[in-house]
1. In the stretch 27-41, is there at least one residue being in a loop (DSSP other than H, G, I, E, B) and buried (at least 18 other Cβ atoms within 10 Å of the Cβ)?
2. Identify all residues within the stretch 163-197 that are in a helix (DSSP H, G or I), more than 20 Å from the chain's Cα centre (by Cα) and of a type in the set (A, V, I, L, M, F, W, C); write none if there are none.
3. From the list LEU132, LEU111, LEU125, which residue is aliphatic (A, V, I, L, M), closer than 18 Å to GLU164 by Cα and within 13 Å of the chain's Cα centre (by Cα)?
4. Looking at ARG141 and the list (1) at pLDDT below 95; (2) more than 26 Å from HIS223 (Cα to Cα); (3) charged (D, E, K, R), which single condition is not satisfied?
5. Looking at (1) without any contact (Cβ under 8 Å) to a residue 60 or more places away in the chain; (2) among the charged types (D, E, K, R); (3) under 30 Å from LEU29 (Cβ atoms), which is the one condition that is false for GLU239?
6. Tell me which residues, restricted to the stretch 198-221, are open to solvent by 70 Å² or more (accessible area, probe 1.4 Å) and either touching a strand residue (DSSP E or B) at 6+ places or on another chain (Cβ under 7 Å) or assigned to a loop (DSSP other than H, G, I, E, B) (or both).
Amino acid sequence: MDSLAAIALPDLWDRLTGTQPAPGLWVVLATLAAALAVVVPHPVWRISRNAITIAHEGGHGLLALLTGRQLTGIRLHSDTSGLTLSRGKPYGAGMILTAAAGYPAPSLLGLGGAALLAADRVTLLLWVATALLLVMLVVIRNAYGVLTVVLAGGTFLLVSWLAEPRVQAAFGYAVVWFLLLGGVRPAFELQARRSRGGAGDSDADQLSRLTHVPAGLWLLLFHAVSLCSLIGGGRWLLEG
């Protein structure tokens, strides 16, 4: 048993840290088209947006922990909304960073994923994504949220363990394209709701109350992060 573990662990480490062959340009373009197909049409987006909500609420939760707040739970709802609850001072830098982290999170995750793919670290990307989803599962506090995260994490786990390298690469590129493109749309949706007088308790409005900076400027920041991530990440993917 010990000898098998001694053999398996180095092999596992090599698999995790090693590089994989980059896919052809046609695969990169095909996965871009696939990502557009689940982000642009509204009926499909209503379903696929659940994955963006996971990243959005995960961003809130991560910054809550990093700034010393006590993360009490995350809820994901079937209407693609979510809620992250934390304890601590209702003001100050920790609260501001926690509130600001949601909208940029999917785009920044996509940018980080694009960097890994540009370095041919497909397996590492899949395993990091799986680990993040497993950690998030611990703090989910409703049944729909558990189901959503388990399905996402299970998909990553199955692909990383059972699929051949070409399938892993295609899956990884599709996921990263989806994060980069899907990270752009929520800020525009928020802007549209605010223009109609809705979303008065949005992240941008909460940040405005916390900082006395107009909500429109926070919305502009969300746009800047998502669009710059798409441009930079997309360039890495197409040049990789």
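The values are calculated or read from the model by the stated rules, or taken from the named source; none is laboratory data. Note that the coordinates shown come from a computational prediction; the quantities given were computed from them, not determined experimentally. All Cβ positions, glycine included, derive from the backbone under ideal geometry; neighbour counts span all protein chains shown. The accessibility values were calculated without ligands, DNA or RNA, using every heavy atom of the protein model including side chains. Shrake-Rupley method; radii C 1.70, N 1.55, O 1.52, S 1.80 Å.
1. Within the stretch 27-41, not a single residue is in a loop (DSSP other than H, G, I, E, B) and buried (at least 18 other Cβ atoms within 10 Å of the Cβ).
2. Initially, the stretch 163-197 is screened for residues in a helix (DSSP H, G or I), giving 165-182, 185-195.
From what's left, more than 20 Å from the chain's Cα centre (by Cα): 165-167, 191-195.
Once the filter is applied, which keeps residues that are in a helix (DSSP H, G or I), more than 20 Å from the chain's Cα centre (by Cα) and of a type in the set (A, V, I, L, M, F, W, C), the stretch 163-197 yields VAL167, ALA192.
3. Numbers: LEU132 fails: closer than 18 Å to GLU164 by Cα; LEU111 fails: closer than 18 Å to GLU164 by Cα.
Going through LEU132, LEU111, LEU125 in turn, the sole match is LEU125.
4. It is condition (1) that ARG141 fails.
5. Of everything listed in (1) without any contact (Cβ under 8 Å) to a residue 60 or more places away in the chain; (2) among the charged types (D, E, K, R); (3) under 30 Å from LEU29 (Cβ atoms), GLU239 misses just condition (1).
6. First pass over the stretch 198-221, keeping only residues open to solvent by 70 Å² or more (accessible area, probe 1.4 Å): 201, 209, 212, 214, 217, 220-221.
If the condition is that a residue be open to solvent by 70 Å² or more (accessible area, probe 1.4 Å) and either touching a strand residue (DSSP E or B) at 6+ places or on another chain (Cβ under 7 Å) or assigned to a loop (DSSP other than H, G, I, E, B) (or both), then ASP201, HIS212, PRO214 are the ones that fit.
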